[in-house]
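Q: Below you'll find the structure I mean.
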Amino acid sequence: MQKAFDTAGIHGLSEAEAKRRLQEGGYNELPSTKPRSFFSIAFGVVREPMFLFLIVGGVIYLFLGDVREAGMLLFFVFVVMGITLYQERKTERALEALRDLSSPRALVIRDGLQKRIPGREVVPGDIIVLAEGDRVPADAVLLSCTNLSIDESLLTGESVPVRKTACGPEADSRQMERPGGEDLPFVYSGTLAVRGFGIAKARATGMETEIGRIGRALKTIEPEETPLRKETGGLVRSFAMLGLLLCLIVVVLYGFTRGNWLNGFLAGITLAMAMLPEEFPVVLTVFLALGAWRISKQRVLTRRVPAIESLGSATVLCVDKTGTLTMNRMSVRKLFSGGKFLDVEDGPAGLPEEFHQVVEFGILASQAEPFDPMESALKALGGYALSGTEHIHNNWTLVQEYPLSERLLTMSLVWKSPDSRDFVIASKGAPESIADICHLSGREKKKLGEDVDAMAREGLRVIGVARADFRRNDLPPGQHDFDFRFLGLVGLADPVRPGVKEAISECRKARIRVIMITGDYPATALNIARQIGLRDPEETITGPEMDRMDDLQLQERIRTATIFARVVPEQKLRIVNALKANGEVVAMTGDGVNDAAALKSAHIGIAMGGRGTDVARESSDLVLLDDDFSSIVQAVKMGRRIFGNLKKAMSYILAVHIPIAGMSLLPVVFNWPLVLLPVHIVFLELIIDPACSVVFEAEPEETGVMSRPPRPMGEPLFGRRVVLFSLLQGISVLAIVLAVFLAALYTGQGESESRALAFTTLIIANLGLILTNRSWTGTALKTLRSPNPAFWWVVGGAAFFLALVLYLPILRDLFKLSRPHPADIGICLAAGLVSVLWFEFFKAAGKLREF
């Protein structure tokens, strides 16, 4: 048997020395994919169809001898390329920030203090503390360990965890060996602690580790082919094929009817540019990347992009009570011993003698430097209530530890007093398990259950404490072999987190059901549920009851259940699967190794960032950095906002391309003068691109976004309703712009004057579409009062450059326009606003609902 680990007396590296080693040896990481360079991004942009069309158009203008027009088109290539580069870099910066957040963590000892640091900052010589569920951050030699087993399948391919032993005094001189095999004193970077505890000294980091030598790469956030990406990709392909077909028809029709094939090619290119909605994939990339970044501002890290798509569909939130709904800051509030209860108050007051032993042995059954909040609370109570008494044993020697197991929820530590040859064993754990090892009679167990329920009804977490003495030197293999004596019960309070009650209320309004999962007694969970305002808290299922149900029975009971009590982590997977079988979209929280399967199975797995294990984080879609339930609700709210704004942007893109394509196609079909040329399309794209990727992305959430039911899982961006209103918006703008053009043309104003009026009307109508699509429930006047600086930048920029094009002779000639009169501008302004006015009437009349 190995000694239980104890970090007392270990100093570790100083911060100054660690910093020096980090500067010399570099970060503890393997080479990852390098960020795309400026030239790489630029080359990718030039290969896009839109830019190829621009270049071809410029070449045709050169053949026609129009050097200025060709120069203008090629200039726009660089302008639009600049916008695209800005969008790409903004997306990459957001992803880089997420990669930094998702870096594995490590618990090290420096300057005698334990501290958690990013795994990439571990240096050779660091003292690493390993616990169950931790990912080993570096190749290291074990100084001490207790029941430590490591999953080395990443390196060896063997799925069975291997047992580890401590190296002892020769730790500094012993050479590292290759992984594989039992009872080696070495642990390796990237492997996983599946049981026990250990203290290790880092030997190698980064490329010098075993995983570095075999060229394995650590997981990073990678782009994924999401359902939305597939949908938008299909739409772009469909539009591209239709645009190419119409382009060929226009070229042939123009060439045969007008006899000018070069101008026919220009007309065809113009139509193809108008038909190509290349903004779809750009908008999706920007929204999801910046959405993940915005969610991280709510203290929630997105590890998998599809989770953003699922957030707005969540119908059930399954959350752990301890640490998520509560603070996970335990304090002892009640003691039971010798048939008596005692309320414990904070402060230096002492305890009656009959309660000394239950606190004394509760402390002895805890780690010397506790991580667990319950053990910290016991030690804090002993620090002021037993200080100066014979019940504090700082000079006792820890001999052996019997850890918690799935079958027996008790932990026992064996101690040796310097004044005695006997061993003293202290045990604490679940009251029923303590009753088991104490071999209480049926009547005694029933009485104990009543006492436990009395404490649990006050919202306390209850643990039992026992002691045993042992005189032989050969310690037995199991805890049942000791003659334990029951000492009493400890009731610990864990206050509810601030804001949880309000967040629960917000979930109720959003038609999201909250289910509390806890290992505590039903009475304890019921008390907390009432404090936070959980609906129907009496609907409770216990772990033992679950074991007696088949899957169909559980699916039926879970429709109304609000609390799952006395649940072990392995049962979470059954809860998730039962909810999914009932058609629910499930978000599940977890923090331990045994939670990984449930986190993987849930639609949205949420790992705890503060107290969660690395394996739980790696199995999850989201990581809750502050372990706060309110952050989950804010993430759901942000998910609804992202999807709603994405729909608005896509609806706007579809609507605005209809008048552009129509004004490119109809003049060719009816033998009118061309209205739009490639240079006009590019000018419009300079408004469309930042509008759909910046204005709509920055739009605040709609009022009442959390008062609507979750959207159906898999709901497409372009449902019938969205497509219908987008088409109506686009057709109404097309009709108004066409009317302005024809009215000017047939009143004798000439080709350039008619084109100027139609183009100006189209720009104003475009800005009107942006404004009206910012909200599908609030009117434009109300939306204007909603802060969105990006909108005003787009409007101001469009107005400024339109004025330059209309009134600067060199630009006016390049755009083939005439100078409009003030009255003409008024007509264009009125016509552009009228084209979207009907949509505002629909909103004001309440005929529309939000996405």
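Q: Consider E278 carefully, then state whether it is at pLDDT below 70 and surrounded by fewer than 16 Cβ atoms within 10 Å (Cβ to Cβ).
A: no
Q: Of the residues in region 295-332, how many are over 10 Å from the mean Cα position of the chain (by Cα) and of a type in the set (K, R)? Before you say what the answer is, go through the steps one by one.
A: Of the residues in region 295-332, the ones over 10 Å from the mean Cα position of the chain (by Cα) are 297, 309-310, 312-332.
This time we only want the ones that are of a type in the set (K, R), so: 297, 321, 329.
Looking only at that region, the number is 3.
Q: Filter region 304-332 down to the residues that are in contact with a strand residue (DSSP E or B) (Cβ under 6 Å, 6 or more places away or on another chain) and basic (K, R) and list them by number.
A: The answer is K321, and nothing else.
Q: Among the residues of region 1-27, what is the count of those that are modelled with pLDDT under 85 and among the polar types (S, T, N, Q)?
A: 2
Q: Could you please find all residues in region 778-818 being touching a residue at least 24 places away in the same chain (Cβ under 8 Å), among the aromatic types (F, W, Y), under 20 Å from A758 (Cα atoms) and assigned to a helix (DSSP H, G or I)?
A: Matches in region 778-818: F801 only.
Q: I'd like to know if region 726-746 contains one or more residues that are crowded, with 22+ Cβ neighbours inside 10 Å and in contact with a Phe, Trp or Tyr (Cβ under 7 Å, 6 or more places away or on another chain).
A: yes
Q: Applying the selection to region 185-215, what residues are in contact with a Ser or Thr (Cβ under 6 Å, 6 or more places away or on another chain) and open to solvent by 20 Å² or more (accessible area, probe 1.4 Å)?
A: Correct list: V194, R195, F197.
Per-residue answers, yes or no, for (1) touching a helix residue (DSSP H, G or I) at 6+ places or on another chain (Cβ under 7 Å); (2) in a strand (DSSP E or B):
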{"position": "P370", "(1), (2)": "yes, no"}
{"position": "G383", "(1), (2)": "no, no"}
{"position": "H391", "(1), (2)": "yes, no"}
{"position": "N394", "(1), (2)": "no, no"}
{"position": "V399", "(1), (2)": "no, yes"}
{"position": "L408", "(1), (2)": "yes, no"}
{"position": "M411", "(1), (2)": "no, yes"}
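Q: Is at least one residue of region 323-336 open to solvent by less than 40 Å² (accessible area, probe 1.4 Å), within 25 Å of A525 (Cβ to Cβ) and among the basic types (K, R)?
A: Among the residues of region 323-336, at least one is open to solvent by less than 40 Å² (accessible area, probe 1.4 Å), within 25 Å of A525 (Cβ to Cβ) and among the basic types (K, R), which makes the answer yes.
Q: In addition: Any residue in region 455-476 that's free of Cβ contacts under 8 Å to residues at least 12 places away in the same chain: show its pairings with residues that are part of a loop (DSSP other than H, G, I, E, B) and surrounded by fewer than 23 Cβ atoms within 10 Å (Cβ to Cβ) at Cβ separation under 8 Å, as long as the two are six or more apart or on different chains.
A: P476/F482
Q: From A272, A289, which residue is at pLDDT below 75 and within 20 Å of V682 (Cβ to Cβ)?
A: A272
Q: Here is a further query. Going residue by residue through region 414-428, is there one that turns out to be in contact (Cβ under 8 Å) with a residue 60 or more places away in the chain, over 30 Å from V496 (Cα atoms), β-branched (V, I, T) and surrounded by 13 or more Cβ atoms within 10 Å (Cβ to Cβ)?
A: So far as region 414-428 goes, yes, one or more of its residues are in contact (Cβ under 8 Å) with a residue 60 or more places away in the chain, over 30 Å from V496 (Cα atoms), β-branched (V, I, T) and surrounded by 13 or more Cβ atoms within 10 Å (Cβ to Cβ).
Q: Right, another one. Within region 576-601, which residues are in a helix (DSSP H, G or I) and either open to solvent by 30 Å² or more (accessible area, probe 1.4 Å) or under 18 Å from S310 (Cβ atoms) (or both)?
A: V576, N577, L579, K580, A581, V593, N594, A597, A598, L599, K600, S601
Q: Continuing with this model, one more query. Can you confirm whether A426 is assigned to a helix (DSSP H, G or I) and not charged (D, E, K, R)?
A: Values: assigned to a helix (DSSP H, G or I): no; not charged (D, E, K, R): yes.
When the stated conditions are applied, A426 does not pass them.
Q: Looking only at region 381-413, which residues are under 37 Å from the mean Cα position of the chain (by Cα) and open to solvent by 60 Å² or more (accessible area, probe 1.4 Å)? Explain how you work it out, then say what you get.
A: Our first condition is that a residue be under 37 Å from the mean Cα position of the chain (by Cα); within region 381-413, this holds for 403-411.
Once the filter is applied, which keeps residues that are under 37 Å from the mean Cα position of the chain (by Cα) and open to solvent by 60 Å² or more (accessible area, probe 1.4 Å), region 381-413 yields L404, E406, R407, L409.
Q: Follow-up. Go through region 794-817 and count every residue that is surrounded by fewer than 18 Cβ atoms within 10 Å (Cβ to Cβ) and either closer than 23 Å to E840 by Cβ or among the β-branched types (V, I, T) (or both).
A: The qualifying residues number 4.
Q: Over 28 Å from P678 (Cβ atoms), over 39 Å from the mean Cα position of the chain (by Cα) and open to solvent by less than 80 Å² (accessible area, probe 1.4 Å): which single residue out of A823, A831 fits that description?
A: Criteria check complete, one pass: A823.
Q: Sort out which residues of region 305-330 are part of a loop (DSSP other than H, G, I, E, B) and of a type in the set (S, T, Y), and write them in order of number.
A: S313, T315
Q: Go through region 530-540 and give me each residue that's free of Cβ contacts under 8 Å to residues at least 40 places away in the same chain and outside any loop (DSSP other than H, G, I, E, B).
A: Correct list: R530, T540.
Q: So, in region 768-784, exactly how many residues are among the aliphatic types (A, V, I, L, M), under 16 Å from S651 (Cβ atoms) and open to solvent by 10 Å² or more (accessible area, probe 1.4 Å)?
A: Number satisfying all stated conditions: 2.
Residues checked against (1) among the aromatic types (F, W, Y); (2) outside any helix (DSSP H, G or I); (3) in contact with a strand residue (DSSP E or B) (Cβ under 6 Å, 6 or more places away or on another chain); (4) surrounded by 18 or more Cβ atoms within 10 Å (Cβ to Cβ):
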site: P498; (1), (2), (3), (4): no, yes, no, no
site: E502; (1), (2), (3), (4): no, no, no, no
site: I515; (1), (2), (3), (4): no, yes, yes, yes
site: A525; (1), (2), (3), (4): no, no, yes, yes
site: I528; (1), (2), (3), (4): no, no, no, yes
site: Q553; (1), (2), (3), (4): no, no, no, no
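Q: Another one. Yes or no: L378 of a type outside the set (V, I, T), open to solvent by 40 Å² or more (accessible area, probe 1.4 Å) and within 29 Å of G323 (Cβ to Cβ)?
A: no
Q: Output the number of the condition that S310 fails; it satisfies all remaining conditions of (1) within 22 Å of R508 (Cβ to Cβ); (2) at pLDDT 85 or above; (3) in contact with a helix residue (DSSP H, G or I) (Cβ under 8 Å, 6 or more places away or on another chain); (4) small (G, A, S).
A: (2)
Q: Regarding region 502-512, can at least one residue be identified that is among the aliphatic types (A, V, I, L, M), closer than 30 Å to F341 by Cα and at pLDDT 90 or above?
A: No; the residues of region 502-512 include none that is among the aliphatic types (A, V, I, L, M), closer than 30 Å to F341 by Cα and at pLDDT 90 or above.
The values are calculated or read from the model by the stated rules, or taken from the named source; none is laboratory data. Treat the numbers as computed from the prediction; the structure is a model and nothing was measured. Methodologically, a virtual Cβ is constructed for each residue, glycine included, from the backbone with ideal geometry; neighbour enumeration extends over all protein chains shown. All accessible areas refer to the heavy atoms of the entire protein, side chains included, with ligands and DNA or RNA removed. Shrake-Rupley method; radii C 1.70, N 1.55, O 1.52, S 1.80 Å.
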